[in-house]
Amino acid sequence: MSSRHRKKLPSVESDQHFVQMVEWLAMESKAEVERMAERRQRMNSSAAEKGGETILDLAVVDHRSGLGGRFLFSFKRRNINLPMPWHRLKVGSPVVVSEFPEASGESWTGVVSGRNKDGIQVAVDHWLDGDCFRIDLAADEVTRQRQLAAITTVKSSRGRLGQLREIMMGEREPSFAPALPDVKFRAELNESQQQAVRFALSAEDLAVIHGPPGTGKTTTVVELITQATERGQKVLACAPSNTAVDNLLEKLIAAKQKVVRIGHPARVAERLRDYTLDGLVEQHENQSVIRDMYREAEQIYRRAAKWTRSKRARGERQEMRREARELQQHARLMEQQAIDSTLGRAEIICATTTFNEDVLGERWFDLVVIDEACQSVEPGCWQPILRCDKVVMAGDPMQLPPTVLSNDAARQGFALSLLERQVKLHGDKVTRLLNVQYRMHNQIMNFSSDHFYDGRLVADQSVCSHRLFDLEQVAENELTREPVTLIDTAGAGWDEELEPDGMSKRNPQEAALVVKKVRGLIESGLPADDIAVIAPYAAQVRLVRQLLAERDSSEQGRCETDVEVDTVDGFQGREKEAVVICMVRSNGDGEIGFLSDERRMNVALTRARRKLIVIGDSATLGGHEFYQSLLEYFEQQGVYHTIWEEVD
């Protein structure tokens, strides 16, 4: 973390800190209830979809059975001529599926198990009846209750957990082995990655791996985990999101590690479900016997409930039900033995940070690794720490912070992640920076390196000067030759506006220019799925998608809808060959709203590999110190262009 961003934390008593955590969780719960109430007020109007947490007017286009007896339903728009709206429902999101437009109809809880640009798949425990549906993001109170239980335990803990709490509250100094261990690395790592692994292995309590964009953070984390298992250690590998856990799992499988993924199988990418606890238990040698016992118990229950002409012997029904219950109990016991056997053979267990405690029982781990730790609120990280001797957190406090619904809780400190807290408390004592990045051209990297990382980032030789026209199919022209382009719209009168029937902002003229630039990239030979458009406002995302779809329908042979368009949050940890960023804000008051969150802009600016295009109004943005520095950087690089050059 840059020294300019590292502010010392105010002194807070440990007990008071955890009391605050409880209060912040309550504020989060209240904010979510209010958000859901607001969504219900909008119900069946088109405005219900504006927030990205609701999809209306859906039809089932496919269904099949999934793991654990669940049903997987695939949905698309009932009107096939309408595109799927932009939404925030990601794989693993808890949702409610209900009949539409009947607000009082039946509803079913489920989990998003898949999504693409045309549809969404949901896993449910019960069969869906109906012809038309809506899907709404559901409250995640289970996760919040698990977080609350974790911090309640931590607050009063003694022993090893008490020591870790004292270290993470700055009341005790972390310890390290006197010398870094000798390591025979299995992966090809650069010097900073090797140093980070050695340092983390030498830590006796806590270590932080700081991985700026494109520096191979997860590769480094996987090597650390592999080295730990070679030393006979049991590892719990966690991340806040299912996507991040899947990323870890996939790399651990490639490293030939004995790993089990716990959690709802519908939250796991389909290609990885054979490594879930459910999938592995299904393959257990006793599973056929367990299934037969459950099936027999169900048949006995049905016979007991069945009406017969002849009078049953006294107590016969009760005896049959008792027999069925005993069969179920034996089946559950055998099932638990299969689960224990499967987990016992694993060297590594992968899970989200807020896993089901009952699944792991009393298991203890030598090491807990939390990847993408900066994206979790602090209580989310304490749950895995309850089970370990040592913790290593990996992430980048200069990228996206945790998502906090309550503005008051965020302002009071709930948006400060546990990793960032450790960096502020202990600094370089516990932290190692990965400083070689393998994604961006130097010109794309340098501004973020200077502003956020004290100029310490270095572009690897393989990427430092690569450009779009180096790709075999891409033509060389002005658009593909320059790695960075700024288009300043100041003076053009391209004012922002509120989306009709919504509260989100958009800029139609900027959106049209974005589409023009995207089209130029495609015409130069760059595949559409190598291009991303990032906008800070959902309304602009919807507008750009609409314009791209209109171009696709009017011109055969084009595939501009394959361009990925999303908000900044959707691109954390991602990259594309070319990225177009449109700032949207353009007004006479210099108001930039949440563009003032520099960390979000850091994410946006560092997604491109070979080409970055930024479109914005310098008159509006330039009043903010960060954007003034960014504009000066573009001018120094000779990549500044006015909108009048585009018009000509």
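The values are calculated or read from the model by the stated rules, or taken from the named source; none is laboratory data. Not measured: the values here are computed from a predicted model. Quick reminder, even Gly has a Cβ in these numbers, built from the backbone with ideal geometry, and neighbours come from all protein chains shown. Protein only, heavy atoms only, side chains kept; ligands, DNA and RNA dropped before computing areas. Shrake-Rupley method; radii C 1.70, N 1.55, O 1.52, S 1.80 Å.
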Chymotrypsin sites (Phe, Trp or Tyr not before Pro) within the stretch 216-310, DSSP loop, no more than 13 other Cβ atoms inside 10 Å: TRP307
Calculate the all-directions average of the projected area of the chain's alpha-carbon convex hull, and give it in nm². 33.5 nm²
Among the listed pairs LYS50/LYS505; LYS76/LYS117; LYS50/LYS516; LYS30/LYS50; LYS50/LYS117, those beyond 19 Å (Cα-Cα): LYS50/LYS516; LYS30/LYS50
Ignoring ligands, DNA and RNA, what percent of the 1.4 Å accessible area of the stretch 392-462 is carbon and sulfur? 41 percent
Placing +1 on each Lys and Arg Cβ and -1 on each Asp and Glu Cβ in the chain, then taking the dipole about the Cα centre, the residue among THR480, VAL579, VAL221 whose Cα reaches farthest towards the positive end is VAL221
When only Cα pairs under 8 Å and 6 or more residues apart are kept, what is the percent relative contact order across the chain? 13 percent
Sort 240-252, 47-59 by the packing proxy (mean of other Cβ within 10 Å over each peptide's residues), most packed first. 240-252, 47-59
For q values of 0.24, 0.25 Å⁻¹, compute log₁₀ I(q)/I(0) with the Debye formula on a Cα-only model of the stretch 203-289, without solvent. -1.30, -1.36
Once both labels are modelled 7 Å past Cα along the beta-carbon direction, what's the VAL183-ASN81 spacing in nm? 6.0 nm
Does anything in the stretch 445-482 have its amide N under 12 Å from the 7 Å Cα→Cβ label point of GLU523, and if so which residues? 479
Pair GLU296, ASP495: separation of 7 Å Cα→Cβ label points (nm): 7.8 nm
Could you give the semi-axes, largest first, of the ellipsoid that matches the stretch 349-408, computed as the square roots of 5 times the alpha carbon gyration tensor eigenvalues and rounded to whole Å? 23, 14, 9
What FRET efficiency comes out for ARG411 versus ARG599 if R0 is 22 angstrom and r is the Cβ-Cβ distance? Round to the nearest 0.05. 0.90
Length-normalised contact order of the stretch 140-295 in % [C-alpha pairs under 8 Å, at least 6 apart]: 12 percent
Just the accessible area per residue of the stretch 537-648, please: how many Å² with a 1.4 Å probe? 40 Å²
Size of electric dipole in the chain: Cβ of Lys, Arg +1 and of Asp, Glu -1, about Cα centre, debye, nearest 20: 2600 debye
Length released on extending from LEU333 to ARG321, taking residue separation times 0.36 nm less the Cα-Cα span: 2.5 nm
Provide the FRET efficiency to the nearest 0.05 for the ASP460-GLU230 pair, computing r from the beta carbons and using R0 = 30 Å. 0.65
How big is the gap, in Å, between the Cα center of the stretch 564-635 and the Cα center of the stretch 476-555? 13 Å
Using the Karplus curve 6.51 cos²θ - 1.76 cosθ + 1.60 with θ = phi - 60°, work out ³J(HN,Hα) for each residue of the stretch 24-31 in order, rounded to whole Hz, and write x for Gly and Pro. 5, 5, 5, 5, 4, 4, 5, 5
Quick check: pseudo-label points 7 Å beyond the Cα along Cα→Cβ at ARG158 and ASP589, how many nm apart are they? 5.8 nm
Relative contact order for the stretch 446-598: what is it in percent, counting Cα pairs under 8 Å that are at least 6 residues apart? 23 percent
How large is the accessible surface per residue of the stretch 121-230, computed with a 1.4 Å probe and reported in Å² as a whole number? 42 Å²
Show which lysines lie in cross-link reach of LYS258 when reach means a straight Cα distance below 20 angstrom and same-chain residues fewer than eight apart are skipped. LYS184, LYS234
